[in-house]
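**Q** Sharing a structure with you now.
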Amino acid sequence: MIHAKNIHKFYDKLEVLKGVDLHIKKGEIVSIVGASGAGKTTLLQILGTLDTPERNSASSLSINGKNILRLQDIENDNSKEEKTFKIVTWSGVIYIIILVVYLLFFRTKILDETLRLVTLGVLFLPIVSMFVYYNRYFKKKSKQDKILSEFRNLNLGFIFQFHQLLPEFTALENVCIPAFMANKPKAQTEKEAKKILEYLGLSHRIHHKPSELSGGEQQRVAVARALINKPDVIFADEPSGNLDTHSAENLHQLFFKLRDEFGQTFVIVTHNEELANMADRKLVMVDGQISN
Ligand SMILES: Nc1ncnc2c1ncn2[C@@H]1O[C@H](COP(=O)(O)OP(=O)(O)OP(=O)(O)O)[C@@H](O)[C@H]1O
Ligand SMILES: [Mg+2]
């Protein structure tokens with residue numbers, strides 16, 4: 001399901017990932033452990049398509065057969081076009097300012113005649129370019145940006161150490177948001193969200209806001225939110241890092257229940273030894289590499 005090969009990542013000159021290879025099968029629970037700063041979060045963000053690795057001919061990342069690096073390259077292409085669009089537009093604006101200043105303060109008759117022709121010609125260029133780039137950049141961008149964000153929203157779920165629920169929305173609304181973003185119908189989504197929240201033992205708390213829920217409950221709402229679009233894989237970064245022992249144990253059992261009952265795949269970064277050892281496979285990150 002996930003195939004990552006030779007993944008590198010630099011932050012300035014600091015090489016955080018030094019050629020990571022990783023294969024994860026459907027229905028597997030894989031834990032990633034390692035010292036603070038070893039690069040676990042960085043790797044998870046890259047696998048989750050939230051960050052981009054260095055480009056290198058030997059690197060590849062595919063999730064469910066989708067070539068993630070290619071989708072991200074399309075985004076980068078867009079940023080080149082965005083630059084050109086900005087340059088073209090600003091040249092047009094600067095030219096017009098110079099022209100207005102000239103007409104107000106420095107006009108002479110002979111220059112006027114020449115300028116009229118030049119102006120028509122030169123004004124024409126930025127306007128045509130703006131039109132061309134508008135079509136190429138904005139239209140393509142909105143379509144192609146959507147491909148990656150839609151892919152992420154529909155195929156990947158995320159659980160973080162701090163639940164990151166939206167404080168002004170209820171538990172039920174928080175769970176529904178990713179489905180609404182995927183344009184799923186309201187009634188069906190709410191029914192599904194209630195079903196998941198009930199499954200997670202939260203049916204009595206669905207109309208409460210995050211601040212009215214305990215840490216363990218908030219984290220279960222975050223799990224429900226990660227599940228709403230039935231993702232192929234859930235990425236969790238220290239999901240129980242902020243929970244007491246009892247709530248952490250409950251959350252860990254929940255992951256395994258979801259795997260056993262629904263074949264849910266998990267990649268979990270954790271400092272919790274117990275959770276790490278319960279996983280089907282424990283990967284240890286040492287200094288930007290997975291050690292065997
Ligand atoms: N955006 C960033 N810019 C610069 N350096 C970064 C950035 N993000 C992470 N780093 C550095 O990269 C290294 C790896 O960070 P990462 O967050 O992946 O570690 P980690 O293994 O998740 O650690 P922890 O267990 O403490 O969460 C660290 O040295 C960190 O300081
Ligand atoms: Mg981390």
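**Q** Could you say which residue among Ile68, Ile63, Ile74 is away from ligand 1 (no atom under 16 Å from the Cβ), of a type in the set (Val, Ile, Thr) and in contact with a Leu (Cβ under 6 Å, 6 or more places away or on another chain)?
**A** Ile68
**Q** Cβ-Cβ under 9 Å, sequence separation 6+ or interchain: first residue in segment 14-38 and without any contact (Cβ under 8 Å) to a residue 12 or more places away in the chain, partner away from ligand 1 (no atom under 13 Å from the Cβ) and outside any loop (DSSP other than H, G, I, E, B). Which pairs?
**A** none
**Q** Please find, among Ala171, Ala236, Ala187, the residue that is under 30 Å from Ser62 (Cβ atoms) and small (Gly, Ala, Ser).
**A** Of Ala171, Ala236, Ala187, the one residue that is under 30 Å from Ser62 (Cβ atoms) and small (Gly, Ala, Ser) is Ala236.
**Q** Here is a follow-up. Take the residues in segment 13-32 that are within 16 Å of Ile159 (Cα to Cα) and of a type in the set (Val, Ile, Thr), then tell me which one is farthest from ligand 2 (Cβ to nearest atom).
**A** Checked segment 13-32; the qualifying residue farthest from ligand 2 (Cβ to nearest atom) is Ile29.
**Q** Sticking with this structure for a sec: With segment 1-91 as the region, which strands (runs of 3 or more DSSP E) entirely inside it contain at least 3 residues that are on the phi < 0 side of the Ramachandran plot and touching a Pro at 6+ places or on another chain (Cβ under 7 Å)?
**A** 2-11
**Q** I need the full set of residues from segment 264-292 which are at pLDDT 90 or above, assigned to a loop (DSSP other than H, G, I, E, B) and out of contact with any strand residue (DSSP E or B) (no Cβ under 8 Å at 6 or more places or on another chain), in order please.
**A** Keep residues of segment 264-292 that are at pLDDT 90 or above, which gives 264-286, 288-290.
So of that shortlist, the ones also assigned to a loop (DSSP other than H, G, I, E, B) come out as 264, 270-272, 279-280, 288.
The answer is Asn272, and nothing else.
**Q** Which residue out of Asn64, Asn6 is farther than 19 Å from Gln264 by Cα, away from ligand 2 (no atom under 16 Å from the Cβ) and not acidic (Asp, Glu)?
**A** It is Asn6.
**Q** Would you check if there is a residue in segment 191-205 being among the polar types (S, T, N, Q), within 16 Å of ligand 1 (Cβ to nearest atom) and surrounded by fewer than 16 Cβ atoms within 10 Å (Cβ to Cβ)?
**A** No.
**Q** When you scan segment 29-42, how many residues do you find that are among the charged types (D, E, K, R) and touching a helix residue (DSSP H, G or I) at 6+ places or on another chain (Cβ under 8 Å)?
**A** So the answer is 0.
**Q** Are any of the residues in segment 34-54 more than 15 Å from the chain's Cα centre (by Cα), within 16 Å of ligand 1 (Cβ to nearest atom) and under 19 Å from Phe158 (Cβ atoms)?
**A** Within segment 34-54, one or more residues are more than 15 Å from the chain's Cα centre (by Cα), within 16 Å of ligand 1 (Cβ to nearest atom) and under 19 Å from Phe158 (Cβ atoms).
The values are calculated or read from the model by the stated rules, or taken from the named source; none is laboratory data. Computed from a prediction, not measured in an experiment: that's the story for all the values here. Note that each Cβ is placed from the backbone with ideal geometry, even for glycine, and that neighbours are counted across all protein chains shown.
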